[in-house]
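Peer 1: For reference, the structure I am asking about is given below.
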Amino acid sequence: MKTAAAADSPARGKGSGAVQQWIAGIILAVLGAAMLVPLVWMILSAFKPESEVTQIPPTLLPHQFTLGNFQNLFQNMRFGYYLRNTLIIVFFSFVGLFLNAMAGFGFAKYKFKLKDKLFYIVLATMMIPGQVTMIPIYLILNQMRLTNTMPGVVLPGLVGAFGIFLFRQFMTAIPDELLEATRMDGAGEFKLFVRVVLPMSASILAVQAILTFIAGWNSFLWPLIIANDESLYTLSVGLALLKGQYGGDYALQMAGAAIMVVPIIAVFVFFQRHIIDNYSISGIK
């Protein structure tokens, strides 16, 4: 009898553990769905007329589907200019991502004079708040006559100490023997970096790509400071102007917010898949 009871106890433990996992999964699914409701309602409300957005009780699905809010944004609110400027900033942010990776690889695998001291200086810049450096950067760009220009908007965010630090820490783990073998096969340093180092750094590239896109897409304070011409404003600045000028037009604001949010979600979902795949491959190895 004792032997049978001892044999039953592990089975009961496994059964209770499975039940607890199911309960935890259901609770998390319900909470996740509850968190998604405002986001889904905002996106669907972008396709509703103003009268339907403000009606009580509110509706989830649009009864009268319309693209008028988006047409109004791009035809009358200059959101086409804001989108173009934001895409330019995002593009050059990814150019800066490539430069950060090159700098991180240099600090990780090359030996040169004052290497450690220069890296410590790069790390020290991470301790300075961005708001502190805005005035000196503005004065420098003003001397270079780059204020109120797109290069003035793009250049300060082209490279960053945090990205260099992450790439350096990750690329330090790449085996030196692999790099030497590639050099012996006749590959130059740039080809070595592009063909070998970057594919091996896929996970950190995915993480940095998400952060870079979010930072570029949400650019607000610096474009507002450096640019006086409304044609140089970004989507974030345009959305703030929309909230001030059309504070009572909620359908129009929902459309502007949807333009801001949906691309970030899409980019995150796409690169998240690459992060998970890379970690899976690393675990198999």
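The values are calculated or read from the model by the stated rules, or taken from the named source; none is laboratory data. Bear in mind that the values here come from a model prediction, so they are computed numbers and not experimental data. Neighbour counts run over all protein chains shown; Cβ positions are idealised from the backbone, glycine included. The protein model used for the area step is the full one, side chains on, heavy atoms only, and it has no ligands, DNA or RNA in it. Shrake-Rupley method; radii C 1.70, N 1.55, O 1.52, S 1.80 Å.
Peer 1: Can you pull out every residue in the stretch 103-127 that is under 20 Å from the mean Cα position of the chain (by Cα) and either part of a helix (DSSP H, G or I) or basic (Lys, Arg) (or both)?
Peer 2: Across the stretch 103-127, the qualifying residue is only 104.
Peer 1: Being small (Gly, Ala, Ser) and open to solvent by 30 Å² or more (accessible area, probe 1.4 Å) is the filter; apply it to the stretch 128-159 and report the residue that is farthest from the chain's Cα centre (by Cα).
Peer 2: 130
Peer 1: Now for a different question. Could you check how many residues of the stretch 61-70 are surrounded by fewer than 14 Cβ atoms within 10 Å (Cβ to Cβ) and touching a Phe, Trp or Tyr at 6+ places or on another chain (Cβ under 6 Å)?
Peer 2: Count: 1.
Peer 1: Going residue by residue through the stretch 43-55, is there one that turns out to be surrounded by 12 or more Cβ atoms within 10 Å (Cβ to Cβ), in a helix (DSSP H, G or I) and aromatic (Phe, Trp, Tyr)?
Peer 2: No: zero hits.
Peer 1: For residue 84, all conditions in the list (1) at pLDDT 90 or above; (2) open to solvent by 90 Å² or more (accessible area, probe 1.4 Å); (3) over 16 Å from residue 227 (Cβ atoms) hold save one; what is the number of the exception?
Peer 2: Single failed check for residue 84: (3).
Peer 1: Could you pull out the residue among 164, 226 that is β-branched (Val, Ile, Thr), surrounded by 14 or more Cβ atoms within 10 Å (Cβ to Cβ), touching a residue at least 24 places away in the same chain (Cβ under 8 Å) and farther than 27 Å from residue 118 by Cα?
Peer 2: The match here is 226.
Peer 1: Moving on to the next point. Specify the residue that is modelled with the highest pLDDT; the eligible residues are those in the stretch 242-265 that are part of a helix (DSSP H, G or I) and open to solvent by 60 Å² or more (accessible area, probe 1.4 Å).
Peer 2: 262
Peer 1: Looking only at the stretch 1-38, filter to residues that are among the hydrophobic types (A, V, I, L, M, F, W, C) and at pLDDT below 70; which one of those is most open to solvent (accessible area, probe 1.4 Å)?
Peer 2: So the residue we want is 1.
Peer 1: If residue 93 passes every condition in (1) closer than 30 Å to residue 204 by Cβ; (2) in a loop (DSSP other than H, G, I, E, B) but one, which one does it miss?
Peer 2: Residue 93 satisfies every listed condition except (2).
Peer 1: If you scan the stretch 60-74, which residues turn out to be under 13 Å from residue 42 (Cβ atoms) and not in a helix (DSSP H, G or I)?
Peer 2: Correct list: 60, 62.
Peer 1: May I ask you to verify whether residue 73 is at pLDDT below 90, among the aliphatic types (A, V, I, L, M) and open to solvent by less than 40 Å² (accessible area, probe 1.4 Å)?
Peer 2: So residue 73 fits the description; yes.
Peer 1: Another one. Please work out if residue 53 is over 25 Å from the mean Cα position of the chain (by Cα) and β-branched (Val, Ile, Thr).
Peer 2: Yes; evaluated as a whole, the condition is true for this residue.
Peer 1: I'm checking my understanding of the structure. Among residues of the stretch 173-184 that are surrounded by 13 or more Cβ atoms within 10 Å (Cβ to Cβ) and in contact (Cβ under 8 Å) with a residue 24 or more places away in the chain, which one is nearest to residue 124 (Cα to Cα)?
Peer 2: Top of the filtered list is 174.
Peer 1: Right, something else. Does residue 126 satisfy the criteria of being at pLDDT 85 or above and touching a Phe, Trp or Tyr at 6+ places or on another chain (Cβ under 8 Å)?
Peer 2: yes
Peer 1: May I ask you to list the residues in the stretch 91-114 that are open to solvent by 40 Å² or more (accessible area, probe 1.4 Å) and over 19 Å from residue 183 (Cβ atoms)?
Peer 2: Within the stretch 91-114, 91, 92, 94, 95, 98, 99, 113, 114 meet the criteria.
Peer 1: Within the stretch 208-241, work out how many residues are in a helix (DSSP H, G or I), small (Gly, Ala, Ser) and under 30 Å from residue 167 (Cβ atoms).
Peer 2: 4
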